[in-house]
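Report on the following structure.
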Amino acid sequence: MRSRARHARSDDGGCDGRADRPASLADAAENSPDASALRSDGGVAGETAITDDYERTRLQRWRDSDFVQSVPFWLPPFLLMGFFVYAAIGWNFLISLTEYSGFGDIDYSTIGLHNYVELVADAGFWAATRNTLVLLVAFTLACLVLGLSLAILLDRKIRFERTFRTIYLLPFALSFIVTAQFWMWMYNFDFGIINGLFGLVGLGPYSWLGSPRLVLGSVIFALMWQFSGYTMVVYLAALRAIPGDQYEAARVDGANTLKLYWRVIIPQLKPATVSASVVLVLFALKAFDFLYAIWGFRPRRGADILATKMVREAFQRQEWAYGASIAIVLFILSLAIIAPYLYQQYTQGNL
Amino acid sequence: MSTDTHSSTDTDPTSSWIDRVSASDVGLYALLLGLVAFYLTPIQTGLVTSIKTSQALRETLPFLPPGAAGITFEKWQVAFEALSSGMINSMLFTIPSTILCAVFGSMAAYGLTLANWRGQVLVFATFIAGIFIPYQAVIIPLSEFWTVWVNLDGRLAFLWGLPLLAEKHATIIELIITHTAYGIPICTVLFRAQYQTMSWEMIEAARLDGASMWRVYRRIVLPLSIPMFAVVFIFQFTQIWNEFLFSLTLIRSVSDPAASVTLILSGLGEAMEGVDFPLRMAGAFVAALPTLIVYVLFADEFAEGVKV
């Protein structure tokens, strides 16, 4: 690593980046032949730079400070991202206070909470909220359990581990629009495999994507198929990080495999579980593509979630302000997940 | 049971006790193969369905290939014709925004990791939160911003007379900028995870030697970031290619010349007489082809991108 960097430095003419900082002795040191190599031992060049530092004026030091020097790196991406994410959310909140609908311009002069009042009285909103919560809980738990099982199986030093992992993760690499096509066919009433399997034991056929009592379960199952590979990868990385002597110690104590995992290994996977859950829950909140691919703007009764209702109100019915108020509800739900997570990560020093 | 199939084995002390449970190997592998069937059946069924004639579709089991008489590649041809313009459009915005995301993400991660100033954790937290924002919370202002405020195709009207340029490229540019902006947070987090493990001594020494941050970035950090760039390229490419909500809300119409491949696929094969499943399946494979190729070739990089 070091020799590569040294080589890179030594054949550099030393003219880039110079404009960023005042001319100083450090420049001279840098260009002198004996200092062109990187020194980890604080050699002559390093000491020259340190003493020189004290002689600089405050302005020069400010210009040389890490903060000022790092601004050109993080500020442009920060502004681009900040505008599209945070400014847009603020703007969305503003729109949610107006009466903007149909075509034409937004009238920001009459502002009020009427959209939120309307939301509380909307039975469709509560049905969508209920479905969102069911989806969120069932989908997250299913993915965690299946993903953990896959990770434990793959962690047992099996042959072709990489191939297995690649296959299990494959659905996650596909677009929801693509996987929705596959599952529409799997769930097909007349020819689908799922009804074929149930037919073998004399059950069905069921209308998996038609019956209001079944649709949400069908969607959750398909999404679990697509996302469990993701949880598997997260758990696999966490399992690999557990020191091997813990397995040894538990075995010496006479613990069987099941006990070993239940008492020793799984409790240590808590951080992985938390971060995977955050991703899964937030996905469940905004899941839209899959439902749209199957039903268009209006999912079958029983499968409408906040994310689909929001897009339908705004982009199909042109009730922009009303859609924006649902978007704010979604945002607050996400924030209720992200904020504690980030705070926890911060207190643990993981940021 | 052999334990020499992958490189981490020789450093991993767990292999010794794992060796003893080889009696249950048969069950283990049966389970793993059963799971392979679970994950591949929907895809495999789609593949055989896509080459069936409508008669074979009704008469054969969904997961079995049709007999020689029931094979047709007509649906693939139709799907390819319907999706080819979408494939080009998707490429036009996916590749530039993937590169831009990676460059911006690497820069932001460097500025927020290898420099030392108060408040950088706070700025970084806004980046992380940006990953998790539901896009529903921004799409109304986003479409307002692009259609009313920026009105790119109106402003760039003087360009559309030039060869190779058309009005649809305004939409493509909008999508490039949008995808870049929303891809920056995840790329920043991926790069930062790597930069935190980098050798501090070397960078410290370079700084003491008087190297500017830009110089350290170009001469030390960038060369060491190349593997992470591969991860980010692979991961972001599939993410942006697969994205649907921005396509739906910024392009709006399936018949728009700028329609992306996922948008066209969402409306493919819909007819009064019901859904044309073989066509849908063929379309799904055509649309997934670039991501499938990338995934099969670079599965490790993709898994690396998923982890964070």
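The values are calculated or read from the model by the stated rules, or taken from the named source; none is laboratory data. Everything numeric here is computed off the predicted structure, so don't read it as measured data. Glycine gets a Cβ as well: all are built from the backbone with ideal geometry, and neighbour counts include every protein chain shown.
Is it fair to say B:Ser255 is facing chain A (nearest Cβ under 9 Å) and either in contact with a strand residue (DSSP E or B) (Cβ under 6 Å, 6 or more places away or on another chain) or small (Gly, Ala, Ser) (or both)? Spelling it out, it is not the case that B:Ser255 is facing chain A (nearest Cβ under 9 Å) and either in contact with a strand residue (DSSP E or B) (Cβ under 6 Å, 6 or more places away or on another chain) or small (Gly, Ala, Ser) (or both). When you scan segment B:267-281, do you find a residue that is hydrophobic (A, V, I, L, M, F, W, C), out of contact with any Cys (no Cβ under 6 Å at 6 or more places or on another chain), surrounded by fewer than 24 Cβ atoms within 10 Å (Cβ to Cβ) and at pLDDT 90 or above, even just one? Scanning segment B:267-281 turns up at least one residue that is hydrophobic (A, V, I, L, M, F, W, C), out of contact with any Cys (no Cβ under 6 Å at 6 or more places or on another chain), surrounded by fewer than 24 Cβ atoms within 10 Å (Cβ to Cβ) and at pLDDT 90 or above. Filtered by the rule that a residue be surrounded by fewer than 23 Cβ atoms within 10 Å (Cβ to Cβ) and within 7 Å of another protein chain (Cβ to nearest Cβ), segment B:127-140 gives B:Ile128, B:Ala129, B:Phe132, B:Tyr135.
Kindly indicate whether any position in segment B:199-209 is in a helix (DSSP H, G or I), under 26 Å from A:Val85 (Cβ atoms) and in the same structural domain as B:Thr98 (by TED's automatic domain parsing). Looking through segment B:199-209, none of the residues is in a helix (DSSP H, G or I), under 26 Å from A:Val85 (Cβ atoms) and in the same structural domain as B:Thr98 (by TED's automatic domain parsing).
Return yes when B:Ser84 is more than 30 Å from A:Leu150 (Cβ to Cβ), assigned by TED's automatic domain parsing to the domain that holds B:Ile173, touching a residue at least 60 places away in the same chain (Cβ under 8 Å) and small (Gly, Ala, Ser) and no when it is not. The answer is no for B:Ser84. Selection over segment A:273-289 of residues that are crowded, with 22+ Cβ neighbours inside 10 Å and either at pLDDT 90 or above or not in a helix (DSSP H, G or I) (or both) gives a count of 5. Contact map, segment B:214-240: first residue within 10 Å of another protein chain (Cβ to nearest Cβ) and free of Cβ contacts under 8 Å to residues at least 40 places away in the same chain, second residue basic (Lys, Arg) and surrounded by fewer than 23 Cβ atoms within 10 Å (Cβ to Cβ), Cβ cut-off under 8 Å, separation 6 or more or different chains; pairs are B:Arg219/A:Arg9; B:Pro223/A:Arg4. Where helices (runs of 4 or more DSSP H) sit wholly within segment A:118-187, none has at least 2 residues that are outside the structural domain of A:Trp320 (by TED's automatic domain parsing) and under 20 Å from B:Phe302 (Cα atoms).
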